[in-house]
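What follows is calculated from the coordinates using simple rules that are stated; it is not laboratory data. This one's a predicted model, so the numbers in the text were calculated from it and none came from an experiment. Heads up, the Cβs are rebuilt from the backbone with ideal geometry, glycines too, and the neighbour counts pull from every protein chain shown.
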Amino acid sequence: MKNLVIFLTICIFLFCGCAAKKTGKKITIEFMTPVEISQLNDLTKNIKKFMKKHPDIAVVITRGDSRNYESKIQARIASGTAPDLVFLNSRFFAYFVKNNIFENLSPYIQNDNEISLDDYFPESLNFYQFDNGLYALPKGINPVVLAYNKEQFEQRGLSIPDNKWTWNVFANAARRLTVDENNDNIIDNFGCAMPPLHVLIWQSGGDILSENFTAAAVNSSHVRQAIQYQLDLINKYKCTARPAERADYGSGEEMFMTKRLSLVFMGHAKIMDFRAHKSLDWDVEIMPGFAEHPRVTFLDSAGVGILSSCKYKKEAFELLKYYCGTDGVKDRIRSGEQFPAIKKLAYSPLFLQPEKKPANHIAFCDSVSFARNYQKAMNMGRITEAFFDEVTQILEGAKNIDQGLLNAEKRINEILNNQ
């Protein structure tokens, strides 16, 4: 019932257009977020603590459905009822910043004595830095590591992964972990999920776009090496499924949690799901790497920014500073789910919770220093969608590598030329 009341309140403010306004002595700030209903109570408690410290500011939470969330923000802006603060995935920030939708936070931070950017992982801020300005603060980050089933490693007499693992060691272990128990040509346990292609490309020294984001860079030896490794896992080592087959088995995380897959790549956001499977004996390690190249992993983030149209930017900044600062983040990491972008909190017992799985929880923290995200180009979502569509056809055998990459290059350049 409480969730229903909150949801109805949100709807009322949404349709009335409740961007920052002054009512009596109170200023109302609207915070738009795609938070799930199940997480709404925690968010509301977090915001209530802020309002207790700032009795002159009232905060209204607008829950935007995660489907087409970015389009809904744009629709609110076009209608003249834009919210004041918005939560947004990092991959969409380039478009919003380049269209002057977000306020540059750098002047506010420089004139504030309470917030220090030195407290944050530098990698968590990179998402939101454009042209010497900072346009959001990270709500949290989501580094990707390798998770493994300890019990299955012991059953096969294999040494568990360590921080020296290469992709060659990974492939050989995955092959030995792949099991057809009944000899019926149906795999009962796959050795591994497919390693993230973008990570393999970065570790090979390549990328999807040129350095200045003006042309596709996928038709290269680096990208070929990465795709060939994925093909080898399917055809040579026979330890992972093709994309079409994976649809029948479920996601890699689902297969891992039900003990049908031994090695999977997980972001920290999945940790509560893994912990819920009490009988699963698992741990994590940093991402494997190619011996001849620096190690790289994937890092995602969601940030909170102030819209340029916000009327009461000073008050909105106070909310942003609290929500993404130590006090606000500390409240949200107690469950262990959200990975804090603030370094001292990430390495604290409050977050690491050594009494809970995974035992090597700190591997997530250690991964941040060599983690990155996609290039900060406009329309990066469309670009990666076109690229991975071609790669899927290569992995399915519908195209060879040369055909797929040539077509991917053409499709990406068309997107770049029509921005």
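Sum -39500 (n - 2.57) across every DSSP H segment of at least 4 residues in the chain, then divide by the residue count to get the 222 nm mean residue ellipticity, nearest 500.
Working: 20 runs with 181 residues, N = 419.
Roughly -12000 deg cm²/dmol at 222 nm, from the helical runs in the chain.
For Met287, list long-range residues whose amide hydrogen, built 1.01 Å from N in the peptide plane, is under 5 Å from its own amide hydrogen.
Amide H neighbours of Met287: Leu146.
List, in the order given, every pair from Lys49/Lys139; Lys313/Lys344; Lys26/Lys321 whose Cα-Cα distance in the structure shown is over 26 Å. Don't skip to the end; give the middle numbers.
Values: Lys49/Lys139 17 Å; Lys313/Lys344 28 Å; Lys26/Lys321 19 Å.
Over 26 Å Cα-Cα: Lys313/Lys344.
Work out from phi, with θ = phi - 60° and the Karplus expression 6.51 cos²θ - 1.76 cosθ + 1.60, the ³J(HN,Hα) of each residue of the range 62-68, listed in order in whole Hz, and give x for Gly and Pro.
So the Karplus estimates, Gly and Pro as x, are 9, 8, x, 4, 5, 6, 6 Hz.
Would you work out which of Leu263, Met380, Ile77 lies farthest towards the positive end of the dipole of the chain, given +1 charges on the beta-carbon of Lys and Arg and -1 on that of Asp and Glu, about the Cα centre?
Ile77
Using Cα atoms only, what is the angle between the long axis of helix 69-78 and the major principal axis of the chain, expressed in degrees (0 to 90) to the nearest 10?
So the inclination is approximately 30 degrees.
Which value, in Å³ per residue, describes the convex hull spanned by the Cα atoms of the range 296-355? Please list the in-between numbers first.
Numbers: hull volume 6.7 nm³, N = 60.
Normalising the Cα hull of the range 296-355 by residue number yields 112 Å³.
Pull up all non-local amide H partners of Ala341: gap of 5 or more, or a different chain, and H-to-H distance under 5 Å with H placed in the peptide plane.
Ile141
For the chain, what is Rg from Cα atoms divided by 2.2 N^0.38 Å, rounded to two decimals?
Numbers: Rg = 22.9 Å, N = 419, 2.2 N^0.38 = 21.8 Å.
Rg over 2.2 N^0.38 Å, computed on Cα atoms: 1.05.
Relative to the Cα centre, what is the charge dipole magnitude of the range 227-327, using +1 at the beta carbon of each Lys and Arg, -1 at the beta carbon of each Asp and Glu, and rounding to the nearest 20 debye?
That gives the range 227-327 a dipole magnitude of about 180 debye.
Of all DSSP beta bridges in the chain, what percent run antiparallel (nearest 5)? All intermediate terms of the calculation are to be shown ahead of the outcome.
Numbers: 30 of 44 bridges.
The answer is about 70 percent antiparallel.
From the phi angles alone, apply the Karplus equation (6.51, -1.76, 1.60; θ = phi - 60°) to the range 279-289 and give each ³J(HN,Hα) in whole Hz, x where the residue is Gly or Pro.
Values per residue, Gly and Pro as x: 7, 7, 9, 9, 8, 10, 8, 5, 4, x, x Hz.
Taking amide hydrogens as modeled 1.01 Å from N in the peptide plane, which residues meet the under 5 Å criterion relative to Leu299, leaving out close sequence neighbours?
Placed amide hydrogens put Arg372, Asn373 under 5 Å from Leu299.
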